[in-house]
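Peer 1: Sharing a structure with you now.
No value in this document is a laboratory result; all are computed from the given coordinates. Source: prediction; values computed, not measured. Here Cβ is always computed from backbone atoms with ideal geometry, including for glycine, and neighbour counts include all displayed protein chains.
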Amino acid sequence: MQIANDKAVSFHYTLTNSVGQILDSSVDSDALVYLHGYDNIIPGLESALDGKSIGDKFNVTIAPEDAYGEHHDDMIQVVDQEMFQGIEPLEIGMQFHADVSHGPGIVTIVAIDGDKITIDGNHPLAGETLNFAVEITDIREATDEELAHGHIHGAGCEH
């Protein structure tokens, strides 16, 4: 069986940046499982997986526009600490759900200067060229319920 739309796909990966630093890996844990053709993973990786079979191993480089997009300076802003009332202590790297320019999103605290907090609405990997080492471990038919919901059901799925 080959990877195609409406298939449930399991794979292991190691993600590195352009200088070879490991950013994430599933190798010593459970494989990532997703529903192919439903935008559940970044577009460049989903395209690279299309047509692959169980046991295939390959490396792929994904440009920012096919991953998490380009980095946009206009998504960085300085806000007053009072926007975070009741949250103490504030630390660089903390993330919060917020309404951003394109709708709901996540902002990350990137700097703290007294009562001025710099937040960044870009994805942490925006602007990065990503390198994946991938091994396909399983491909199966998705269930009718998974197809109707547009994602895989399993551990942690609440509906």
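Peer 1: With the contact rule set at Cα under 8 Å and sequence spacing of 6 or more, what percent relative contact order holds for region 73-120?
Peer 2: 43 percent
Peer 1: With a 10 Å cut-off between alpha carbons and a GNM built on the chain, which of Ala98, Ala48, Ala63 moves the most?
Peer 2: Its mean-square fluctuation being the largest, the pick is Ala98.
Peer 1: Right, another one. When only alpha-carbon atoms count, how far does region 73-120 stretch along each of its three principal axes, as whole angstroms with the largest first?
Peer 2: The Cα atoms of region 73-120 stretch 27, 21, 17 Å along the principal axes, largest first.
Peer 1: Among Val110, Gln81, Leu125, flag the residue with its Cα farthest along the positive direction of the charge dipole of the chain, charges on Cβ as +1 for Lys/Arg and -1 for Asp/Glu.
Peer 2: Leu125
Peer 1: A further question follows. What list of ³J(HN,Hα) couplings, whole Hz, do you get for region 38-53 from phi and the Karplus terms 6.51, -1.76, 1.60, once you set θ to phi - 60° and write x for glycine and proline?
Peer 2: Computed from phi, the couplings for region 38-53 are 10, 6, 7, 10, 4, x, x, 6, 4, 4, 5, 7, 3, x, 6, 10 Hz.
Peer 1: So which residue, out of Ile106, Ile92, Ile41, gets the largest mean-square fluctuation from a GNM of the chain using Cα contacts under 10 Å as springs?
Peer 2: Ile92
Peer 1: Report, in whole Å, the centroid distance computed from the Cα atoms of region 121-143 and region 63-86.
Peer 2: Cα centres, region 121-143 to region 63-86: 22 Å.
Peer 1: Rounded to the nearest 500, what is the chain's calculated 222 nm mean residue ellipticity when only DSSP H runs of at least 4 contribute -39500 (n - 2.57) each, over all residues?
Peer 2: Calculated at 222 nm, the ellipticity per residue is -2000 deg cm²/dmol.
Peer 1: Most fluctuating residue of Val134, Val78, Val33 in a GNM of the chain with Cα springs under 10 Å: which is it?
Peer 2: For the chain, modelled as a Gaussian network with Cα springs under 10 Å, the answer is Val78.
Peer 1: To continue, here is another question. Can you list residues from other chains, or at least 5 along the same chain, whose modelled amide H is less than 5 Å from the amide H of Thr137?
Peer 2: Answer set, sorted by chain and number: Ser10, Phe11, His12, Gly55.
Peer 1: Using a simple charge model, +1 on the beta-carbon of Lys and Arg, -1 on the beta-carbon of Asp and Glu, nothing else, what dipole does the chain show about its Cα centre, in debye to the nearest 20?
Peer 2: Its charge dipole is roughly 520 debye.
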